[in-house]
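Working notes, beginning with the structure itself.
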Amino acid sequence: MSDFEKTHVPVLIIGGGQAGLSVSWYLMRENIEHVVLERHRRFESWRNNRWDSFCLVTPNWQCRLPGWSYAGKDPDGFMLKNEIVEYLDGFAESFGPPLLEGIEVTRVSMRDEGGYQVETNRGTWTCDQVVVASGGYDDPIVPAYAADIDPGIVQIHSRQYLRPSQMPNGGTLVVGTGQSGVQIMDDFHLEGRAVHLAVGPAPRSPRKYRGRDATDWLYDAGTYAVTIDRHPDPVKALTQTNHYMSGRDGGKEIDLRKYALEGVGLLGSVAGAKGTAMTFLPDLEKNLDDADRSYLGIRTQIDAWIARQGIDAPEEPPFEKVWRPQREITEVDLTALGISSIIWAIGFRPDYSWIEVDCFDERHKPRFNRGVTDVPGFYFIGLGWLNTWGSGRFLGIDEDSRYLADKIAARQKSLLAA
Ligand SMILES: Cc1cc2nc3c(=O)[nH]c(=O)nc-3n(C[C@H](O)[C@H](O)[C@H](O)COP(=O)(O)OP(=O)(O)OC[C@H]3O[C@@H](n4cnc5c(N)ncnc54)[C@H](O)[C@@H]3O)c2cc1C
């Protein structure tokens, strides 16, 4: 019987990205029968949802998928999009997961007789256990007032962004200073295109510091091993935007003040828009200061680790603010400023509308402990801080998937024994 003809399988994994296939790797090792359903192609997010010049922000050595750690020549470098896809394809080929592509799960519900019903665009399956590995980046966020902006100004979300030449001539306003926003701004700046950046409250990180990548120091210091249940400020960890920095050109720090000196127009957070008028909060200086505070906090953390360990590491010059805004600009006319396009880089929301299982809290966030929900046999994987900082990234997915596979295997054994 081919997989397409099967209607029941012990375990169904929904999503063929690194998270779903890492769980599959462990289930294969445990001989647990399962199928991975992917609506597009494996690793679709890396293949098709990243811009042309995209490269990792985390160093290559953090790519540690089960049985498939990065083995290239540049562990301290940052793979480009096609290299990431190659690395991932190699992972999938290393173990041949039972993956069915082009199958979209449209509804998951519990069956009265136990287990789950999984409806897809290619028929209905039943299973004993479900792993949701659908990623956290389904719906691009765009504010409602974007609809009121003059149609002459082209707007896209970072999801649609490929390269500067895709946007019309003239200036571009990039909104948001998460990792995508600052890297897209940098893409325009490097091509000599006029670009403005609406600076939000995101923190930033040093890149190279005292002779090594900041993430190397933090890894050694145990920062990435801190679990969410032991985190000193779990609410902040769960809600804060990622620290911005870049892996471009071998890795670089992003000090927006330097970009301002080089001609990038910095503005505060966008507050609203109508026609060609856009309003901003008077928070540019505060946001720059806060980002620097987080940057300096990481430097202090690393300094303390170096001192405690007695490591001989080169000193760094003290941080200097090379630019500050002369005044807060709270209103601009986009056309007068030469802005002909806007790129919204303010994030995504997951879409769980297809999951009809009582595993969500009042804000529709999945309730779980390390991915294990309180609904027997129902799991999530691949989400930020599912357990540690690395959970929604390459670094932590091996540990998380091993943990989940153990739980799945134990349940499958108890179901068989019953
Ligand atoms: C812009 C960006 C940059 C990033 N940079 C880094 C980085 O530098 N380093 C790092 O470690 N991490 C990075 N990440 C985070 C993380 O590594 C990626 O988001 C990664 O893609 C997560 O893998 P995943 O398998 O959890 O989810 P995804 O890769 O999103 O895979 C989920 C899969 O599920 C499929 N799917 C969804 N719904 C359904 C359905 N209903 N039915 C069937 N299939 C479905 C999707 O098509 C998709 O293929 C970045 C993320 C983003 C968005």
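Data for the structure
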| quantity | calculated |
| --- | --- |
| Options Gly77, Gly135, Gly114, Gly72; residue that is assigned to a loop (DSSP other than H, G, I, E, B), within 24 Å of Ser353 (Cα to Cα) and more than 11 Å from the ligand (Cβ to nearest atom) | Gly114 |
| Index of the failed condition, Asp52 passing every other in (1) under 21 Å from Pro140 (Cβ atoms); (2) open to solvent by 40 Å² or more (accessible area, probe 1.4 Å); (3) within 8 Å of the ligand (Cβ to nearest atom) | (3) |
| Hits in the stretch 147-157 (condition: open to solvent by 10 Å² or more (accessible area, probe 1.4 Å) and not β-branched (Val, Ile, Thr)) | Ala147, Asp148, Asp150, Pro151, Gly152, Gln155 |
| Residues that are assigned to a loop (DSSP other than H, G, I, E, B) and either on the phi > 0 side of the Ramachandran plot or outside the structural domain of Thr215 (by TED's automatic domain parsing) (or both), drawn from the stretch 248-263 | Gly251, Gly263 |
| Scope the stretch 178-197; condition closer than 21 Å to Ala144 by Cβ and in contact with a Gly (Cβ under 7 Å, 6 or more places away or on another chain); matching residues | Gly178 |
| Single condition Ala198 does not satisfy, out of (1) more than 13 Å from the ligand (Cβ to nearest atom); (2) at pLDDT below 95 | (2) |
| Residues within the stretch 5-37 that are open to solvent by 20 Å² or more (accessible area, probe 1.4 Å) and near the ligand (Cβ under 7 Å from one of its atoms), tallied | 2 |
| Top-ranked residue in the stretch 365-385 [being of a type outside the set (Gly, Ala, Ser) and within 19 Å of Val57 (Cβ to Cβ); ranked as farthest from the ligand (Cβ to nearest atom)] | Trp385 |
| Near pairs, Cβ below 9 angstrom, 6+ apart or cross-chain, from the stretch 342-355 (near the ligand (Cβ under 10 Å from one of its atoms)) to any residue that is of a type in the set (Phe, Trp, Tyr) and modelled with pLDDT of 95 or more | Ala345/Tyr161; Tyr352/Phe360; Ile355/Phe378 |
| Criterion violated by Trp344 - all others in (1) open to solvent by less than 60 Å² (accessible area, probe 1.4 Å); (2) in contact with a Gly (Cβ under 6 Å, 6 or more places away or on another chain) satisfied | (2) |
| Looking only at the stretch 99-111, and only at residues there that are in a strand (DSSP E or B) and over 24 Å from Gln18 (Cα atoms), the one that is least open to solvent (accessible area, probe 1.4 Å) | Ser109 |
| Inter-residue pairs, beta-carbon under 6 Å, first closer than 25 Å to Ala146 by Cα and assigned by TED's automatic domain parsing to the domain that holds Asp290 and in the stretch 316-336, second assigned to a loop (DSSP other than H, G, I, E, B) and open to solvent by 60 Å² or more (accessible area, probe 1.4 Å), 6+ apart | Glu328/Pro282; Thr330/Pro282 |
| The lone exception for Arg122 - which of (1) modelled with pLDDT under 95; (2) among the basic types (Lys, Arg); (3) within 9 Å of the ligand (Cβ to nearest atom) it fails | (3) |
| Matching entry among Ala92, Ala71 (being aliphatic (A, V, I, L, M) and exposed (fewer than 14 other Cβ atoms within 10 Å of the Cβ)) | Ala71 |
| Scope the stretch 282-308; condition touching an Asp or Glu at 6+ places or on another chain (Cβ under 8 Å) and open to solvent by 20 Å² or more (accessible area, probe 1.4 Å); matching residues | Pro282, Asp283, Glu285, Arg299, Trp305 |
| Asp358 being more than 16 Å from the ligand (Cβ to nearest atom), closer than 19 Å to Gln129 by Cα and part of a loop (DSSP other than H, G, I, E, B) | yes |
| Some residue of the stretch 305-323 being in contact with a Leu (Cβ under 8 Å, 6 or more places away or on another chain) and not in a loop (DSSP other than H, G, I, E, B) | no |
| Out of Arg402, Arg393, Arg324, sole residue that is open to solvent by 60 Å² or more (accessible area, probe 1.4 Å), within 16 Å of the ligand (Cβ to nearest atom), of a type outside the set (Val, Ile, Thr) and in contact with a helix residue (DSSP H, G or I) (Cβ under 9 Å, 6 or more places away or on another chain) | Arg402 |
| Residue within the stretch 162-175 that is within 12 Å of the ligand (Cβ to nearest atom) and either touching a Phe, Trp or Tyr at 6+ places or on another chain (Cβ under 9 Å) or open to solvent by less than 60 Å² (accessible area, probe 1.4 Å) (or both) present | no |
| From Leu296, Leu266, residue being assigned by TED's automatic domain parsing to the domain that holds Asp187, part of a helix (DSSP H, G or I), out of contact with any Lys or Arg (no Cβ under 6 Å at 6 or more places or on another chain) and not charged (D, E, K, R) | Leu296 |
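The values are calculated or read from the model by the stated rules, or taken from the named source; none is laboratory data. Keep in mind that what you see is a predicted model, and the values were worked out from it rather than measured. Glycine also receives a Cβ, built like all others from the backbone with ideal geometry; neighbour counts cover every protein chain displayed. With ligands, DNA and RNA removed, areas are computed over all heavy atoms of the protein, side chains included. Shrake-Rupley method; radii C 1.70, N 1.55, O 1.52, S 1.80 Å.
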